[in-house]
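Chemist: Below is one structure. I have some questions about it.
Read-outs throughout are calculated quantities, based only on the coordinates presented, and are distinct from any laboratory measurement. Nothing here was measured: the structure is a model prediction, and the numbers come from that model. Quick reminder, even Gly has a Cβ in these numbers, built from the backbone with ideal geometry, and neighbours come from all protein chains shown.
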Amino acid sequence: MKTKPRVLLLSATSGAGHVRAAQALEKAFSARGDCFVEHIDALQYVSKLFQRIYDKAYISMVQRAPELMGVLYDRTDQPWQHPRRRLALDRLNTGPMIRLLKRIQPDLCVATHFLPAEIIAWLIAKRKLLAHNAIVVTDYDVHAMWLCRTVDRYYVAIDEAKEYLARIGVPREKLLVTGIPVDPLFAAPVSRSDARKQLGLDATASVILISAGGYGIGPVEQLVKDLLALQRPWQIVAIAGKSEKTKKRLEEMAREAGKLQTGSPRLCAVGFTSEMDKYMAAADLMVGKAGGLTTSEALARALPTALIEPIPGQEERNADHLLEAGAAIRCNNLPAAAWKIAALLDDAKRLARMRDAASGLGKPGAAARIAEDAIRLLD
């Protein structure tokens with residue numbers, strides 16, 4: 001009797017998106033029932049200094065010096081340049097991960113972050129690991145850090161990413177456009193009215209969903225104040241993420257904001273939630289950052305987006321693709337953001353066109369498609 005293959009998913013907590021992508025894939029692989037699947041955070045298997053750099057330094061830089069983030073992103077985006085130097089540094093700091101991979105000996109590795117992807121590729125090239133290697137790129141562009149030689153499949157978000165990789169030397173047969181994997185819940189159809197009923201939101205008002213991201217990063221409070229000051233008949237749902245401080249301040253603002261004519265609260269403050277699929281189904285517009293996972297979730301729900309001050313680097317590039325497709329607007333100047341959002345909500349035809357564009361770009365079944373193709377690599 002043939003034993004089920006062992007699938008190892010590897011993410012990293014430097015930004016919430018890599019983990020959410022792996023969690024979506026874990027659900028998709030588990031639902032198949034034809035493999036054993038395990039998900040690990042690669043940063044739990046690196047040196048303490050490396051962990052601090054990847055996790056804490058990333059969040060700190062995003063909050064305090066986003067322009068430096070953009071400079072680093074652009075400077076390091078040089079395909080196939082200095083891979084040996086980077087690999088030597090990574091090997092020096094990933095001893096526990098290397099030992100774990102050798103011990104587990106999975107049949108298939110699927111990485112949603114470039115650090116474990118590179119280590120896996122090196123181990124396979126050195127014949128210390130017999131696994132197949134698949135990489136899931138969690139942004140719309142493919143940065144040079146994702147590039148490895150020993151890879152069976154790249155799963156990318158859009159056709160342009162596939163063409164780019166092919167043009168810089170990755171064999172086309174290794175490339176598949178699937179979209180960025182989001183929780184399979186986003187593939188389950190939910191009507192706007194049902195979603196609002198389940199969440200206790202107003203049945204008739206326009207709903208603006210404001211997301212601070214998993215770490216509560218972004219100018220959420222000021223934007224909420226500015227939107228409330230316009231005194232429009234909207235219901236605002238503000239997701240504070242993991243930031244308890246942000247949630248408490250939003251709750252105070254909600255008490256002061258009062259109610260709509262229907263009796264519903266003008267502002268609903270929400271902490272970290274596992275029901276983003278419902279909130280996105282309920283909303284007319286999402287306001288937030290341009291992370292690959294958050295925007296992919298919105299697209300899966302055909303939800304237009306107002307992007308606030310994208311972080312230079314990958315978020316700016318993600319924003320460019322959404323703007324080009326007509327699925328988003330971009331608010332570069334926070335003081336004018338509420339005005340710009342109001343102008344969009346006043347233009348029903350434009351909002352409808354953006355919803356259609358988002359629907360065309362959305363790939364809610366990405367996780368299932370990746371799981372199906374990746375398992376076939378073992379045949």
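Chemist: Using a Förster distance of 45 Å, how high is the FRET efficiency between Leu260 and Lys128, based on the Cβ-Cβ distance and rounded to 0.05?
Modeler: Efficiency at R0 = 45 Å is approximately 0.15.
Chemist: Considering the dipole of the chain built from charges on the beta carbon (Lys and Arg +1, Asp and Glu -1) around the Cα centre, which of Gln23, Leu322, Ala117 is farthest to its positive end?
Modeler: Ala117
Chemist: Between Leu334 and Lys48, 0.36 nm times their residue separation minus their Cα-Cα distance comes to what?
Modeler: 99.3 nm
Chemist: Here's something else I'd like to know. Could you check the simple spin-label distance between Lys248 and Phe36, using points 7 Å along Cα→Cβ, in nm with one decimal?
Modeler: My value for the distance between the label points is 4.6 nm.
Chemist: Match the structure shown to one of the listed values (i) 63; (ii) 55; (iii) 51 of percent of Cα pairs over 25 Å apart, computed from it, and give that label.
Modeler: Of the labelled values, this structure produces (ii).
Chemist: Now a separate question. Taking the simple approach of a point 7 Å from Cα along Cα-to-Cβ for both Arg99 and Arg149, what is their distance in nm?
Modeler: According to this spin-label approximation, the distance is 2.8 nm.
Chemist: Once the range 1-158 is represented by equal point scatterers at the alpha-carbon sites, with solvent omitted, what log10 I(q)/I(0) does the Debye formula produce at q = 0.14 Å⁻¹?
Modeler: -0.70
Chemist: Okay, next question. Just rank Cys109, Cys148, fewest to most, by other beta-carbon atoms within 10 angstrom.
Modeler: Ordered by Cβ neighbours within 10 Å, fewest first: Cys148, Cys109.
Chemist: When only DSSP loop residues count, what GluC sites (Glu not before Pro) in the range 272-379 have their Cβ near at most 15 other Cβ atoms within 10 Å?
Modeler: Filter output for the range 272-379: Glu275.
Chemist: Something else: Using 7 Å Cα-to-Cβ label points, what is the Arg172/Ser359 separation (nm, one decimal)?
Modeler: If labels sit at Arg172 and Ser359, their model points lie 3.2 nm apart.
Chemist: To the nearest 500 deg cm²/dmol, what mean residue ellipticity at 222 nm is calculated for the chain from DSSP H runs of n ≥ 4 alone, each contributing -39,500 (n - 2.57), summed and divided by the residues?
Modeler: Here the helix-only value at 222 nm equals -14000 deg cm²/dmol.
Chemist: Further question on the same structure: For the chain, what is the percent of antiparallel DSSP beta bridges, rounded to the nearest 5?
Modeler: Just about 0 percent of them are antiparallel.
Chemist: Between Ala325 and Ala188, what's the calculated FRET efficiency when r is the beta-carbon distance and R0 is 30 Å? Round to 0.05.
Modeler: 0.80
Chemist: Stretch Tyr164-Ala229 to full length: gain in nm at 0.36 nm per residue minus the Cα-Cα span?
Modeler: Extra length available between Tyr164 and Ala229 comes to 18.9 nm.
Chemist: Test of understanding: ordering Trp122, Trp80 by Cβ neighbours within 10 Å, fewest first, what list do you get?
Modeler: Trp80, Trp122
Chemist: List, largest first, the extents of the alpha carbons of the range 185-361 along their principal axes, each in whole Å.
Modeler: 38, 32, 30
Chemist: Only counting other Cβ atoms within 10 Å, I'd like Met286, Met276, Met69 sorted with the fewest neighbours first.
Modeler: By the 10 Å Cβ count, ascending: Met69, Met276, Met286.
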